Every structure is written in C-alpha cells, then in structure tokens.
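What follows is one structure encoded as structure tokens, with my remarks underneath.
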Amino acid sequence: MALRVHIRLLAVVACLAAAAAASGCGAADRAPASGSTLRSTLRDADGDGALEPGPAEPLVARTQLGAPGPAERTLATLAIVSDAHVRDEESPARVPFLDRFGAPVDSTFRPHEALSAQVLDASVRAIRAERPDAVLVAGDLVDNAQANELALALTVLRGGTARPDSGAAGYDGPQRAANPDPLFYRPDVDAPRHPGLLARAQRPFRAVGLGGARLLPLIGNHDLLVQGELPPDARTQAIATGDRRLTRLRERPQLPDGAPAALRIAAIRALLAGPALGPTRRVAADPGRRALRPAQVAARLRAAAGLPATASDALDYTADVGPSLRILALDAVDRTGGSEGRITPRQLTWLRRELARAGRRAVIVATHQPLRSSRGGAAVLRLLDSSPAVVAALSGHTHRHRIEPRRRRGGGGYWLIETASLADHPQQARMLRLVRTRSRPAGLALETWVVDHDGAGLAGTARELAYLDVQGGRPRNLQARRGDRNVRLGLRAPCCGPIS
Amino acid sequence: MRRALQRLLGRRRQVLVAATLIAAAGLAVGVAGSVGYSLATGYDRAAQRSDQPDILARFAPRRRSELRARLDRLPNVERISYRLEVNRIGLGAGGRFSRRGAVHVVHPGRRGYAIVAGRDVRGDGAEALVERGVAREWDLQPGDRISVRQLGELRVAGIALSVDNVAFPLASVPRIYVSEAMIQRRFGADPDPDVNIALVWLADPARLDVTLAAARPAAFGLRTEQLLTGRGVRQAIDQAAGIVIALLAILALVACVCAGAMLAAAASAEVRRRAPVLGVQRALGATRRRTVGEQVLDALLVAVPAAAAGVAIGALAAAAPTAALLGYLNELAPGAALLWPLVAAFAALMAVVAAGAAWPAWRLGRRPIAALLRGGDLTARSCVRRGRRRGAGRDARGGLLALGAHFALARRARWLSCVCVLAVAAAAVLLVLAVADLLVSLRDDPGTLGRRYALTVPGEAADAAAVQRIPGVAAAAQRSTVDAADSFSLTEPLRVIAYPGDHVPFEAPPLASGRRLRTEREVEVGAGLADALGLRPGGQLAIQAASGRELRFRVAGIVRALENDGRVVYARTAPLLRDGPSLGGPIAVRLEPGAARGAVVRRLARAGFASRATGGATARNQAFLAVLATVLRNVALAIGLVCLAAVVQTLTLTARDRRRSLAVLRATGATPRALAAVLAGAAAALVVPALAAGVALQRLVLAPVVAGLAADYATLPLGVSAGDALAVGGGLTLVGVIAVLVVTRSALGEPIAAGLEHED
Amino acid sequence: MTPLLRLRGLTKTVGSGRAARRVLDRVDLDLQPGELAAVVGPSGSGKSTLLQLAGGLDRADAGEVTIAGQRLDGCSDTALARLRARRLGFVFQAFHLVPELSGEENVRLAARFGPPGASRRVAALVDAMALRAVADALPAQLSGGEQQRFAVARALVNDPALVLADEPTGNLDASSGAIVLDLLSAAAAAGRGVLVVTHDAAVTARADRVLALQDGRLR
C-alpha cells in the first residue's frame, strides 16, 4: 500500500517537472525575448563603453497637459519603429568616404552599416512580444532609395527568407580588411575585433515578420532620395547599377557647414557628378540597386500595408486602429531633394477634411520629419491646435526620443512624440498605448515606453558597435532623458467621447 | 639555548667563518633583491602614484573647446584633462641654465603627476612645479626661485614626478608646470585657451584598444603628433632593465644555493665531529629530532644575525645606486615596501641554512648509536686511495703543493661541493661581468647594435650630398625615426627607422629570417615586434602614423635589433614622406675604412657641420647604462665574498681534518711558508677546477640561457672574454691566497703537540 | 763540551681549573753529543710533555730550552722550524707518517725542509734500513716496524744533532723494537744526542743514562 502511494507520488512529481520543463521550453518558443524597458534596460553603468542589463524603467507621469488618471481600459496599442535604414552597404551609390568630414555628412558611414537588416529583424521580434494592434513604420525604412533595399526591408517586416547580400557573393565594401583606410572600422582587424562579421552579415536569414499586426508605413527622405538628399537621376542610376565604386577622394571637399539644403545638395551632386574624383574600384554590378521612383515606392508600401492603390505618389492615408483611434499619415518628403520635410497646401486641405471626419475617435497625425522643423509644418500644427480630437503627432527622422507637450488655447493640448532610430544608438522602437482613464469624468491618457531589440546574434554586435560610434547616438545623447522615453501622458479630460 | 651558545663559543673560528659566509650570501641577496625589486616595481609604483593617464596625446595647438568637442565623444573615457606645452623656453636656477626648457601650462582637472615635495600649483600665484629630475640636477627645493623666460621669476611651489618620460638630464628637456590661472592672469583672460596635450584616463584600461580605434575618426583633422600609451612609455624606459632584473634574480638564487651548499658541508663536518657526543645523547634517550633540532638551532643562532646584517648592509649599500637608477627613469623607490621582499629573501636564506644544517644531522641519525659512539671516520668513503703506487724517484719539488692537493681531495664530497659552489659562483660572476661589458659596449660601441656609422650630423636631407663629398666619408644619408603604432593593434607601439635608400651600409642588424628590404613597399621588422604581432617574412604590417593615415608594407625579413626592445621597423623614407612634409633626423655618416675619425670631424666642422659621435645606445641612456653596469659589478663583488668564505671554510675544515699531518710537518721542520704551500696546494685543488668548471658552465649553460631570454633583441655576445676570465681567475686566486693566509695563521696558532694528538 | 740539549728550570702545567697539574716542575737536563739518555716514569707523568718542550713542539710556562747553543724562547716560527728541520729529529710512538705518501716520500718530504743535499741521502738511508723493497708502499700497507723504521729514517735524513724519541718501541713487537733500538744507538754512536722516553726495559738497558721523572722532577 505505502509503496504504491510512493510510486504514484513520484509519477505525479515527475509529470509536473516534465510539464514545467516543457512549458518552459514552449514558453520560450511562443514568446520571444522581450526588450521592453519596462522590464529591464541596457545601460553603461561603469562608463567603459559597453552596455549591460540594468534595472527596469517604470513609467513616469507627465502632467503638463493634465494629470493622467489610472488606466481603466486599453483602447489601442501602437508600435512605432522608425529610421531602420535597411541598407545595401556594398552599393556604389554611396559616399562613406565623406563621413570623416563630420557634420553634415557624418551619417554616410556607420561601423555597423552591414547589419541593418538584422537589427530590424531583432526589433521586429521584440515588437511582436508586445502584441501591438498596428505597427507604424515611421519612414526611412531604407537608406538609399534602392529597390533591393526595399525588398529586403519588406521581407523582414512581413516574414520570409531575407537575403542581405548584393552584387557578388560575399562582402565587398569599404570595411574589408584589405582596405588601408583606418577611418573605416574593419571588423577583421580593428578593435573591437569581430573576425568574419561581414561574411556572416551577408548570409540569408529567416525573418519571422510582424505576424498579425497591421503595418502602417510612412515615407521618409531616405526612402525616395539618394543618401536622403538627392533625387535619383540617370547619373545616379548609372552609378548605382554600375561596376565601379569610388573609394576615396583625392582632395578634401568643400562642404558648406550649416548651409541651406539646396547648397548641400548641390555640393553632394557635384561630388558624385564629377569624373575622376578619386580612385575607383571594380565591383560586381547589380541591377537591383537601381533607385525606385516615388510612385513605385508608394505603391509597394501601400501594397504591404494593405491600403488601396491610388494614382497619387504621395503616401497620405487614413487608417483606423480599433474603433477608438484613427491614424492620419502624411508624406512630408520633398521630391525635389533635401532632407527637410514639407507639407503642401493640398495636404493641409486633405488633413482638414479628414480631421473633420474623425468623429469621436482620437486622432494621431504621423509624419516622418517632425512638423516643428518642416516647411509648412507650422500651419499643420496650428490646424491641429484647433482640432480637439488630436491626441498626438508622431515623427521620426531626428533619431532621438523627444516628447513635448503642445498646449491648446483654452486648456488641454496634445503631445509631440519623436522616436529614436534603429540605425543609431539607442536602437529602440516605441510602444504607444491609448487608454481610457478611471478618472471622473472619464478621460484619455497615453502611455508610451521604448523597446530594445532582442540583441540576438549580429543584432547584438550592431548594438555594441553603435554604442561605440563616436558620431552616433552616445555622444549626441540620442537616448535623451527619462521623460522622453517611458511616460504616462495626461490629456485634459474630456477631449472626446470614446466609443465603447 | 644557553647550551647552544656554549657550543658555539667552543668553536669560535668555525662559527666566524660560517657567519661570514652567511653574511656574504645575505649581502648578495640584499643587493640583488633590493635592486631587482626596485627596478621591477618602480615603474608601476610611479605610474600609480603619479596618476599616469592611459593615453597622453600631443596635438597641434587648438582651442580647448574644439578639442573637448572631439575627445568627449570617445567611449570608455573617465576623465580628460588638458595642457599647453610650450617648448624652447629658457629656464635658469642657481647658476644652471637651459635654453630648451618645456613649460607645461596645466588646466584644471586631473594632474597626471605626483607631488613628491611641496605642494601643487593651483591658484594664480607666481609659482611653478619643477620636475624631479630638474630639482635633483639643479638642487632645487620648494621655496627656491626659478627664472623662466617670459614669466620672470617664479617660486618653486613643489616638485612633481611624472612617468611619461625619463628624467632630466637623461631626457634633454627640463620641464616645469605652471597653472592655467596664473597664465590667464599674466596674459589676459581667455575663456577658450589653446591646448596641445590631452591626458585621457579610461574607465576600463583593459579596453584601451577600443578607445584608440575610436580615436581615429574622432581625431580626424587634428594633427596628432604623438600618442603615448602606458605600455609605450614603459617600453621606452625599461630598455635594458629587463635583462638586468632577470639576472639579479638568478644571482640572488645562486647566492642562496651557494650558501646552502657550504653550510651543509660545514654542518656535516661539525656533526661528524660531534658524533660521539650525539651518540651518547641518543644512548641516553634523546630522539633524532632533538639532535636535528640542536643542529638547526646552532645554525640559526649564527645565521640569523649574520644574514640579517648581510641583507641589511646589502640593501643599504644598494640604496644609493638604486636611487640613482630610479631617478634617471623617473620611477619611485619602493621605500618601506622593500621590507617585504627583503624579509622574504631573508626567510628563504634561513630556510636554506636550516635545511643545510638539518640534512646531515638527519642522515647521521640514521646510523646505529654504536657507530656514533665509536666516533672516528664515519664516512664510508675511503680517505686514501688504496693501492695506487706512485712513481718512484719523482721530483719532490712541488711535492708540498701536491700534498696539499691530496689533503683537499681526501674528502671527496666536501671537495666536490666546494668546487661546485666556486664554479657556480665563478660562472655567475662571469655572466654578470659579461652583461656589464655588454652594457658598456652598448653605451660606447655602436657596432653592438649593428651600427656602421660612427658620426651623426644634424642637418637636412639635402645636406647629405655635401657631407658625402668630404674626404674620409664613405656614405651619408638622413636617418629619420618615427614613433608610430601598429594599425591593427593600436596598443603596440613601434619605431620606424627610415633611410632614403638602402640602410645596410649604415646599420645592419643581423637577419634572423627572410631577406633585406628591396623596395619601398617592404620593411624589415625587429624580432621583438615580430613576436608581439605574430609577423613572418611575407606577412603584412600596417603602421598608423601620427596623422592617422595607415601605411601598409610587406615584411621582407626579421632582424635582431636591440634598439627599443626589438620593436623597430626599417623602411624607406619615401612612403613616410607622403604622410607629412619632412621627417627630420640627423645625417648618419659612415667613414671609409682606415679614415681617422678625428680628422673627419675636423673637416666636417670646417664645412659647417657639427658632428656627434655615435654611441651604441642613444645618448640619453648612456648614464643609465653606466649606473647599471656599476650595480652589476658590485653584485659580482658580493658574490666574490661568497667565494672567499667558501674557500676559507673548506680550507679550515681540511686543516682541521689534517691537524695531525700538519703537526707532523711542522715537527719535521716545515716553516710557516712550507705550511702555507701545503694549504696553497689544497686551495689550488679547489680553485683551479672551479675556474675551469665555471668558465665551462658560463659558456655552455648560463650564457645560452640568458642569450635565449634576450633572443628577441639581439645575438647577445655573452661569451667569456679573456679579460673577464683573467679577472675572475685572478679574483679566485686572490680569494685562495687570502684563505691560505688566514688558515695558515690559525693553524700556526695551535701548538704542534696538540695537533699530534688528533687522529687524521 | 757544549751540551746539545740544555733544559733549565722547565715548568709546565697541564689542564685548567681544578684539574690543573704541574707535570714539570723546574726540570733541569743536559744532554751531551753521543749520549743516549732514557727518561722513565709512570704513565701520565709528563714524559711526553718533556720531550715536546725539548723539541719546541710546545711552549713551557717557565724555564728555558737551549738546543745546540740556541735558545728556543725568542725564536720566531720560522727560526723554530729551521731548527727543527736541521737540528732535531723526532720519532713518535704512533709513527705519524703522512698517509697519502709512500714511505720513501715521507722521508723525502722531511728532506725538503733540511739543508740542501739532504735529498741525496734519502735513497741511501732507505737502503741502509733495508726498506727498499717497500719504499713505494703506503703506510697503510706497512707493518708497524717498517713504519717506524721509515719514521726513524725521516728523523735522521737531515743529519740532526739531536734525536727525540717518544716511546719509539711502544707499538712494536720485540724484534722490530730491537731493530729500532739499534738504529737509535747507532745514531747516538755517530755523535748525535738521543733522548728517549720509554717504558721499555730493553731501551733503558742500552741507555747511557737513565732519568726518572716523578712528580714533575727529574732525577
């Protein structure tokens, strides 16, 4: 009798243990590692240039527009991933040799530039774990307006086999070990050494994609313009799809610092147009490197988002996220060139109409470039000031987290929320949650927090290199302050009546 | 205890000899230990105390805000402070003057130097800090006055020590520090002054290479003139000290071993002598442990004060030359921290002594008590060679010496141990002398480094042709040196030596592998650098010049070069010239064979060229090498004392063993001189084989080992020179003579009758 | 005739503290050339001490020793050694041959210290004592008698004026002892002075003079 009891007990214990183990494994499969900074952050506590896990960063309340009451119900969850800059680093239509001259061309080379697709993939995995209703891809999805870059980025977002390599098999770019230019980080020989990194970066990998979440893309300047500044023309197309790449300049270029966009564009164009600027190197030609026309880019993005096709090449659209939230997306890219945003009067009209049609929904306006620094943005902001339904205006482009309140006359207001990039430190995406508060009378609040990518494999190396980058996010403080990251944003109640 | 003291008093003479032996060993250990420890730890101590930055960078002068904007971007940085270095400022104090003074204007922040006297300069008062080398050389104290061109007379507020260079006058530039506040007050306030030195302290010094790699893009556009890392400084300073430290450690060990062997021999004889007493003790019930303990106690009673005195005297004697050495190197003396290694050395010596005393007693204790009580000769080995018939009618002249040799050889083990000790000591002394000779030849003879030019002439590259036309000059070319780093391992510094054409006529360090460089795309790499970077002929070397450009070369061959610890690269000037306007450097002048140097010097002077003779080492190291050589020779002397004590002891024991025979000789009419001849024969039986064995040991064992240690740098000619061998032979002979005289005197002091009563 | 050996007032104390004994108390002695004198006395009475003092092997507490007209007191070590080499010959009870050297080499060794020409006499002496056959043997291989004969040869090789023998026959059998006694007598007969300390009756029988040492006094 006793023996049988014992055996039964043992069996039960064994089963429980097995179940626990299985569930543990299964849990790992079902829910990928989370990067939410509400659980843990990455910080460099000892100042040695390496990021280590740190304590969680809970939400703090910002009350400039009203105290955010306790959340009662989540109305919509939005993920924002901005400035992924998925890049074909081997393309001849690039100017990494300008990077050393500092601003304004110091984003033309990054030590981790070969790892852009992997970083986006890692971010996608982290976002999936947060289970958003929709994912706003806030522009600059690709780096150089190239067709192969867009294809690669969309594959990563949707899932499938991503193939980062271009041209001939393997890596053939400025970071190869044989390049005697020490101002390019060469992972095989320069510290911190990562031998074979570039070869591994060219290998195809399996992307899980965003799953069921709805994709809401914005167009950024790098999606349409060469290096984010130059509208593609025959000359640039020839270079991109050609077989020669400029390796360095013979003379130091004269780049006007702080000059208006037109001058900068002219300078870069002159650089690329001039013959025999410096030695060139033979590379494998790849027709996939051609730049897409704006209409093509818009069409592909609409298709990926499941939006109806239109004749216009501007990616302006309306999208509902649940019954309570309406997103109004504006295409602020100037097709004539330049990285500065512009809103046309026609777009202003469209916006006014859409705002009136929003009804009792909360409205979020999204552009790639911030409205405050775009041409015509001031008018948009004034329009939004007078639309009580607007709770936030989202943007990217600056690569820095920034949350500022915008007050309305008569009380209340809305929040201007900018999200950092995946290209530079801190390589974070943002979650934004619209909640109904338990206050009386019931109101709305926004909760937002940032999400690190999961750092698996090459993405982790990319994060390490991005942190060390002397032109990157660390010296420029792109991770901003706490109040720009994980916050509860109060909105003057009542702003609008939520439906259900 | 009292009994032990009585026992010791009973055999005063032996005790004295043993004490001398131990004291001599203690002396050698004290000298070697204190010099070696001070040299080995001096740099680290000074670096830590003076808060040495992990990177010291010199740039062309820039506004501080600009430099800060660039350098604040570097990862892994804890603190950066700035200075402005102004060169060629006249400095004078107390009758001494230098036109080449350097004034460091120190901005607020971490200092990067240690205050060793007085206090720091902080306010805007008219004061300055003086570098320690200058203070020592010019005899300055805090409170004295120093006059500085453009600043007038400043009060010396304190004395500073910094390890980023060797000390004045080894370094040719005397340095003072003044505060930025004082300069601002004197010349007008400037919110954003110029700076040209940045001192960088890292959060994690182990990640220095990451910071250096990041510094390349951050410093693009700044003209970097020098990038010093701690390791680079240390290598520049520690040039010859490494071998010397290893040598001193070996010597201290040798001294301990010699002392131990001799003590074992003496203790063994003593135990034999006391065997009947020990037998009685054992018969009465004393344990073996007790007898061993008595022996050890007796030995330690003598050894502790003798060794303590020896070690203390050795350390004190070494203090002055060590301080001089450290002063040259800008390093810090260990001070009280020296106590621990000396105590450890003392303890080691005591352990050796105790073991040397305990071992024979332990072994003897294994014999049956009856054998002990019988006394007499307890060794199984025969004293006398049986059955050997000596040739009849041989000439008796020299018979006394042969007799003495017989006496010494009678106790084989003792003879062998003494000869071994002498041989090892002789070999060690020969090695030390060889290294000292090498250091001196490094200093004086350029041929040691493979240099074939005898003169250098300051001038431009264009002057080389004019110099070559002077009769007596075979070839002249500009010799440029550039301090750079390996581009893939920025923490590995190296020195590039560049000639416009072929360098072999001017310097030809021996080729270890590969071949000489032929084109400007090739280089020859020193063995030390090749080892550090894993380079082989056919491999690739990437050099990062100060401007930030990377130059790539193919490694044609690997050479054994002593300069800069073997971290040198021979190249052509052309690729380096693309880097900057001109490299500078003196013109190396090679003389025609048979040309008189003095005549050529005069002709050069008439043509307007002031020439300098080439030393082996650079001029700044010559004084340092001289001091090192002196220290080494003093250590050799200490070891000589060990030899003396060993020989005296052996002779004493031999004389004691042969008391009867010696008494018979005296009874038969041997004069004191004849007696001395016998003992001289015994001494010769010790010294002559020891010298031969010592020479063989040094040549076959020690020299190859040490040369192997230094194989990275050069084929060190550490063979035995005739002069050294003669010196050591003479020294051993002197030792033998002194020993003979001492022992003869003591033997004569005993009445013959008493000697006759003893068994042989 | 000048005595070869002259002792006046010789005093010697042996031992220290309570064990001190005055073994010689104002001893006087004259020894003439050609005389064989024997000193007898109980064991431990200081006979050996007397001989050692006479030969300069030890220093007396008081008194003077004169050998062939030369006083030992003020002599330096070197002078003493010379004296011992040329004027004295010792024969010991324990033979005291140097173990590393053969019998003949022992004799030759003593000849080294002597006047020039002594070396030539070595071979003759060895032959005269019928020791040629064992001349190259080491002392360990010789019988007691042979060893003592070598010792006597050694004592005589420098043609000393005075021969001092301390129990020369003590360790020998009768026949060997007789041979040695013959050698000593011959030495005395040749004009040397021989002083023998002995127990042996055969020696006292052949002596010209027999002295007894008792309580430190010589009678």
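The values are calculated or read from the model by the stated rules, or taken from the named source; none is laboratory data. Keep in mind it's a predicted model, so treat the numbers as computed, not measured. Glycine also receives a Cβ, built like all others from the backbone with ideal geometry; neighbour counts cover every protein chain displayed. SASA here: full protein model, heavy atoms, side chains in, ligands and nucleic acids out. Shrake-Rupley method; radii C 1.70, N 1.55, O 1.52, S 1.80 Å.
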Item to complete: With a 1.4 Å probe and every protein chain left in place, work out the accessible area per residue of segment B:49-236 in Å², rounded to a whole number.
Response: 41 Å²
Worksheet item: Quick one: which of B:660-666, B:201-207 comes out on top by average Cβ neighbours within 10 Å, and what's the full order, highest first?
Response: B:660-666, B:201-207
Item to complete: Please determine, in degrees from 0 to 90 and to the nearest 10, the orientation of helix B:672-697 with respect to the longest principal axis defined by the Cα atoms of chain B, where the helix direction is its Cα long axis.
Response: 40 degrees
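Set the Förster distance to 56 Å, then compute FRET efficiency between B:D72 and B:A692 from the Cβ-Cβ distance, nearest 0.05.
Details: r = 69 Å, r/R0 = 1.23.
Working from the Cβ atoms, E equals 0.20.
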Fill in: Theoretical FRET efficiency, 1/(1+(r/R0)^6), r = Cβ-Cβ of B:V343 and C:S16, R0 30 Å, to 0.05
0.10
Response to the item:
If one compares the long axis through the Cα atoms of helix B:12-49 with the longest principal axis of the Cα atoms of chain B, the angle in degrees, nearest 10, works out at 10 degrees
Worksheet item: Counting pairs of alpha carbon atoms under 8 Å apart in space and at least six apart in sequence, what relative contact order in percent does segment B:449-618 give?
Response: 37 percent
Practice prompt. Could you tell me how many degrees, from 0 to 90 and to the nearest 10, lie between the Cα long axis of helix B:619-657 and the main elongation axis, the longest principal axis, of the Cα atoms of chain B?
Written response: 10 degrees
Worksheet, complete the sentence: Given a Förster distance of 35 Å, the FRET efficiency implied by the Cβ-Cβ spacing of B:S65 and A:D188, rounded to the nearest 0.05, works out to 0.45
Worksheet, complete the sentence: Expected field for A:I364, accessible surface area in Å² at 1.4 Å probe radius, rounded to 10, holds 0 Å²
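In whole percent, how big is the carbon plus sulfur part of the accessible area of the protein assembly as shown, probe 1.4 Å, protein atoms only?
Details: 33090 of 59760 Å².
Percent of accessible area from carbon and sulfur atoms in the protein assembly as shown: 55.
Ordered by packing density, taken as the mean number of other Cβ atoms within 10 Å over each peptide's residues, highest first, how do C:177-184, B:455-462, C:14-21 rank?
C:177-184, B:455-462, C:14-21
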Fill in: Normalised convex hull volume, segment B:449-618, alpha-carbon set, Å³ per residue
103 Å³
Practice prompt. Express in Å², to the nearest 10, the accessible area of B:F187 obtained by rolling a 1.4 Å probe over the protein heavy atoms while all chains stay in place.
Written response: 130 Å²
Practice prompt. May I ask you to rank A:T437, A:T280 by accessible area, largest first, using a 1.4 Å probe over the protein chains only?
Written response: A:T280, A:T437
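When you look at the Cβ of every residue in C:136-142, what mean number of other chain Cβ atoms sits within 10 Å?
Counting other chains' Cβ atoms within 10 Å and averaging over C:136-142 gives 3.
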Discussion item. What does the structure give for A:48-56 when I average, per residue, the other chain Cβ atoms found within 10 Å of the residue Cβ?
Written reply: 3
Worksheet item: What is the sum of charges around A:R492, taking Lys and Arg as +1, Asp and Glu as -1, for the other residues whose C-beta is under 11 Å from the C-beta of A:R492?
Response: +2
Worksheet item: Rounded to the nearest whole Å³, what is the per residue volume of the convex hull around the Cα atoms of segment B:49-236?
Response: 110 Å³
Worksheet item: What does the accessible area per residue of chain A come to in Å², with a 1.4 Å probe and no ligands, DNA or RNA counted?
Response: 40 Å²
Item to complete: First select every other residue whose beta carbon is under 9 angstrom from the beta carbon of B:A60; then total the charges, Lys and Arg +1, Asp and Glu -1.
Response: +2
Worksheet item: Which of the DSSP-defined H helices in chain A satisfy a minimum axial length of 20 Å, computed from C-alpha atoms, and a minimum mean Kyte-Doolittle hydropathy of 0.5?
Response: A:2-30
Practice prompt. Determine the sum of side-chain charges near A:V321: Lys and Arg each +1, Asp and Glu each -1, restricted to other residues whose C-beta is under 12 angstrom from that of A:V321.
Written response: +2
Worksheet, complete the sentence: Bridge orientation stat for segment A:292-420 from DSSP, antiparallel percent rounded to 5, came to 45 percent
Worksheet entry | Sum of -39500 (n - 2.57) over DSSP H runs of 4+, divided by residues of the protein assembly as shown (222 nm, nearest 500) | -13000 deg cm²/dmol
Fill in: Prolate/oblate/rounded call for chain A, Cα gyration tensor, a/c under 1.5 rounded
oblate
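Please compute the length gained on full extension between B:L316 and B:R554, using 0.36 nm multiplied by the number of residues separating them and subtracting their Cα-Cα distance.
Full extension of this stretch gives 80.5 nm more.
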Item to complete: May I ask for the percentage of alpha-carbon pairs in chain B that lie more than 43 Å from each other?
Response: 43 percent
Item to complete: Per residue of C:48-60, count partner chain C-beta atoms within 10 Å of its C-beta, then hand back the mean as an integer.
Response: 3
Fill in: Student exercise, the protein assembly as shown dipole from Lys, Arg, Asp, Glu Cβ charges, in Debye to nearest 20
1400 debye
Worksheet, complete the sentence: Sorted on mean Cβ neighbours within 10 Å (highest first), peptides A:224-235, B:632-643 come out as B:632-643, A:224-235
